[in-house]
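**Q** Pasting a structure here, questions to come.
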Amino acid sequence: MSDIKLEEIFIKRSQQKKKTSPLNYKERWFILTQEKVAYYDFDSEKGKRKGLKGTVDLEKVKCVETVQPETNTPQERMYAFQIIYDEGPLYIFAKTEDVRTLWINELKKLVRFNKDLMQKYHPCFWVDGVWLCCQQEVKQAMGCKVLESSTKNGFQSTFRRTSRKPLPPTPKVEKLGRPLPPEPPEPPASSASMTVVAEYDYTPVTPQDLELRKDEEYTILERSDPNWWKARDKYGKEGYIPSNYVVEAERGLEKFDWYSKNMNRSQAEQLLKSENKDGGFLVRESSRAGKYTVSLLAKSGVEMGGSCRHYNICTTQQGQFYLAEKHHFQTIPELINYHQHNAAGMVSRLKHIVSNRAQPPSTAGLGYGVWEIDPRDLTFIKELGSGQFGVVKYGKWQGQHDVAIKMIKEGSMSEDDFIEEAKIMMKLRNENLVQLYGVCTKQRPIYIVTEFLANGCLLTYLKEGLKQHPTSVQLLEMCKDVSEGMAYLESQQYIHRDLAARNCLVDANGTVKVTDFGLSRYVLDDEYTSSAGSKFPVRWSPPEVLLYCKFSSKSDIWAYGVLMWEVYTLGKLPYERLNNTEIVDQVSRGLRLFRPQLANDKVYSIMTSCWCDKPDERPTFQELAFNVQDLLYELQ
Ligand code: ADP
């Protein structure tokens, strides 16, 4: 697990690996570690890091230098620098000269012993197929300026100006593995210019909503509510759309049904196997940032039910794409089209598109501003189970949207308090949290209406639902899902208070989502709420909760460690030989859960880091999510 050396929001220029790819500038959250520079998408409103967009391995870096601004450069792109590595230059724009210098110096220090460091470089940008400094038209053309650093001071930027008063440097890590929170990102300069493509149809629910048609483009006008953006369609009509139904028009792959942007390896396998078609395939983002993978199911082999293969789409030096060595293509769609007709080295040709877009994702609420749901819009289909608050049913909202409906047994919940809280809960939206859609409070029993997850409770799924023995990637991905949902709650300063496998659900693709966050505060049952009660989650509680009822995000972290343990034991009861009184006694005296057989040392060390006696020494969910992701990289 790598320590973060520097962390900063920068503007990044698209790399134009192909001549035809568009030139654009996006704000990204950059992280520098000993081994790599990684950059992420982020939520500018929440100041929260999102998906990884790309990485550069430092061992491949050949040069780090400033870049001269182009004429008429806007102020925010004045302080450019370049990281040149085997895929060409990566252009980054710092907000100030001091931040730029800090990064260049740190990067130079880290790469100073690299093998292929360049002696000459291009001090200006590569734009539209030409180097602006020397007018050469070959991207690989040798640099035209001798590096100052190769002749004198190795760590100084060549364009360092001294006239400005230095700003305080970017904060570094506070202590081992603990990055300080990054500066809150500035709001996007102009959200008006953002164009998105709809991944799903969306039918308006309220008069303020705007209809979305799959694959059409929309202009985003306002993003003050992170879940419901104001948009304009091509006819000039304006209204609110669910922000998770659209993607930024970025690489042009979004419009192809075979492209499943946010899908990992085991989700791809699960989807391909559930479709069970020979030659079923999809293209997804690879775990190596900026790369793509074709996942393919072939049934002709020996394995019953077929086996999945994953082929990385490779790039030639000239930026062409290939799967089989001999056949190169300018674009990924051309490559896919070719392999739809020719296996050319793969186990099968790409026969059937398998898409994860059949089911649109959940929206935060059923329409902009809707949180009270009319019970006449609900149809009850079947019972899913029952819990602390009574029966939970699967049903439809307005005859077409899948929902889960919790029918709150009278006397089991302090309802007025919950109804107030529900308005806040509705605004929480994350791919790894079960979405609250709304409530029916005008009748008794009241209903809580949420997203429906086809594979039900995680604990049951671990014990019975996994059809084959799970792979280590699958287990770690479940933990990653939970860590990301919880990192979001942590960023909202929201405490779960009852995190455990029984309070997570699994969707049809195998994605795990956290549910019932904060609900325990509204339970009316002493056996559940008192730490001495028989239903209190003693097995998931840290000493400070058992002894002083002190809940915090750090007590959630402890519970997360226990949840990881449940995942790696496929649903065993923690401390199964001990009763609650014995657990309180022994855990306060230092007893910890053993290492499950399926967990290697690294996985177990993540669990044990959650079980530090001192709450402050436990990691944050953001750190956990990062560490789990690092382990996943190692596995893939
Ligand atoms: P309670 O909050 O009343 O304790 P639970 O949340 O434990 O109830 O729900 C009881 C059972 O209903 C769960 O174990 C699960 O199997 C099923 N269930 C609950 N919510 C959903 C949902 N959103 N999607 C699918 N199944 C669900």
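**Q** Could you pull out every one of the aspartates and glutamates with an alpha carbon less than 19 Å from that of Lys234, ignoring same-chain neighbours closer than 8 positions?
**A** Glu199, Asp201, Asp209, Glu211, Asp215, Glu216, Glu217, Glu222, Glu248, Glu250, Glu254
**Q** Where a ≥ b ≥ c are the square roots of the eigenvalues of the C-alpha gyration tensor, would you call the stretch 420-507 rounded, which needs a/c under 1.5, or, failing that, prolate if a/b is larger than b/c, or oblate?
**A** Taking the square roots of the gyration eigenvalues as a ≥ b ≥ c, the stretch 420-507 is oblate.
**Q** Here's another thing I want to ask about it. Using the heavy atoms of the protein chains alone and a 1.4 angstrom probe, what is the accessible area of the chain per residue in square angstrom?
**A** 47
**Q** Which residue, Leu458, Ala198, His328, has the largest displacement toward the positive end of the dipole of the chain when charges sit on each Cβ (Lys, Arg +1; Asp, Glu -1)?
**A** His328
**Q** Under a point-charge model restricted to the Cβ atoms of Lys and Arg (+1) and Asp and Glu (-1), what is the dipole moment magnitude of the stretch 329-443 relative to its Cα centre, in debye to the nearest 20?
**A** Charge dipole, the stretch 329-443, about its Cα centre: 600 debye, nearest 20.
**Q** Please work out whether the stretch 1-115 counts as rounded, prolate or oblate from its C-alpha gyration tensor, where a ≥ b ≥ c are the square roots of the eigenvalues and a/c under 1.5 means rounded, while otherwise a/b larger than b/c means prolate and anything else oblate?
**A** Judged from the Cα gyration tensor, the stretch 1-115 comes out rounded (a/c under 1.5).
**Q** Lys and Arg at +1, Asp and Glu at -1: add these up for the other residues within a Cβ distance under 9 Å of Phe30 and post the number.
**A** Details: positive: Lys12, Arg28; negative: Glu7, Glu8.
Spelling it out: positives minus negatives among the neighbours equals 0.
**Q** Quick one: if the Förster radius is 25 Å, what FRET efficiency do Lys396 and Lys255 give, using the C-beta to C-beta distance and rounding to 0.05?
**A** Values: r = 29 Å, r/R0 = 1.17.
So the FRET efficiency works out to roughly 0.30.
**Q** Tell me the angle of helix 472-491 to the major Cα principal axis of the chain, expressed in degrees between 0 and 90 and rounded to the nearest ten.
**A** 90
**Q** What span do the alpha-carbon atoms of the chain cover on each of the three principal axes, reported in whole Å from largest to smallest?
**A** 78, 56, 55
**Q** Sticking with this structure for a sec: Give me the mean projected area, in nm² to one decimal, of the convex hull enclosing the Cα positions of the stretch 300-430.
**A** Averaged projected hull area, Cα only: 14.1 nm².
**Q** OK, next. Mind checking which lysines have their C-alpha under 20 Å from Lys382, skipping anything on the same chain fewer than 8 residues away?
**A** Counting by Cα, and skipping residues close in sequence, Lys382 has these lysines nearby: Lys393, Lys396, Lys406, Lys409.
**Q** While we're here: Straight distance only, please: which lysines reach the Cα of Lys139 with their own Cα at less than 20 Å, same-chain residues fewer than 8 apart left out?
**A** Lys12, Lys17, Lys18, Lys19, Lys60, Lys62, Lys120
**Q** With charges set only on the Cβ (+1 for Lys and Arg, -1 for Asp and Glu), what does the dipole of the chain come to about its Cα centre, in debye to the nearest 20? Write out the running numbers ahead of the final one.
**A** Numbers: 86 positive and 84 negative charges, 368 e Å.
Once rounded to the nearest 20, the dipole reads 1760 debye.
**Q** Once you measure Cβ to Cβ distances between cysteines in the chain, which Cys have no partner under 4.7 Å?
**A** So far as the 4.7 Å Cβ criterion goes, Cys63, Cys308, Cys314, Cys440, Cys457, Cys479, Cys504, Cys549, Cys610, Cys612 stand without a partner in the chain.
**Q** For the cross-link pairs Lys53/Lys602; Lys291/Lys554; Lys255/Lys326, which exceed 32 Å when the distance is taken from alpha carbon to alpha carbon? Provide the component values of the computation, followed by the final result.
**A** Values: Lys53/Lys602 25 Å; Lys291/Lys554 36 Å; Lys255/Lys326 27 Å.
Listed pairs above 32 Å: Lys291/Lys554.
**Q** Summing -39500 (n - 2.57) over the DSSP H runs of n ≥ 4 in the chain and dividing by its residue number, what mean residue ellipticity at 222 nm do you reach, to the nearest 500 deg cm²/dmol?
**A** Mean residue ellipticity at 222 nm (helix-derived): -6000 deg cm²/dmol.
**Q** For the chain, what is the relative contact order in percent, using Cα pairs closer than 8 Å and at least 6 residues apart in sequence?
**A** 8
**Q** Also, I was wondering about something else. Would you please put 84-92, 123-131 in order of how densely packed they are, using the mean number of other Cβ atoms within 10 angstrom per residue and starting with the highest?
**A** Ranked by mean Cβ neighbours within 10 Å, highest first: 84-92, 123-131.
**Q** Could you please state, rounded to a whole Å, how far the C-alpha centre of the stretch 454-513 is from the C-alpha centre of the stretch 333-411?
**A** 17
**Q** Would you please put 590-599, 222-231, 502-511 in order of how densely packed they are, using the mean number of other Cβ atoms within 10 angstrom per residue and starting with the highest?
**A** Descending mean neighbour count gives 502-511, 222-231, 590-599.
**Q** Can you give the convex hull volume per residue for the Cα atoms of the stretch 513-581, as a whole number of Å³?
**A** Per-residue hull volume (Cα only) is 98 Å³.
**Q** Expressed as a whole number of Å, what is the distance separating the alpha-carbon centroids of the stretch 576-636 and the stretch 62-140?
**A** Taking the Cα centre of the stretch 576-636 as reference, the centre of the stretch 62-140 is 42 Å away.
The values are calculated or read from the model by the stated rules, or taken from the named source; none is laboratory data. Since the model is a prediction, treat every value here as computed from it, not as a measurement. Every residue, glycine as well, gets a Cβ built from its backbone with ideal geometry; the counts of neighbours run over all protein chains shown. SASA here: full protein model, heavy atoms, side chains in, ligands and nucleic acids out. Shrake-Rupley method; radii C 1.70, N 1.55, O 1.52, S 1.80 Å.
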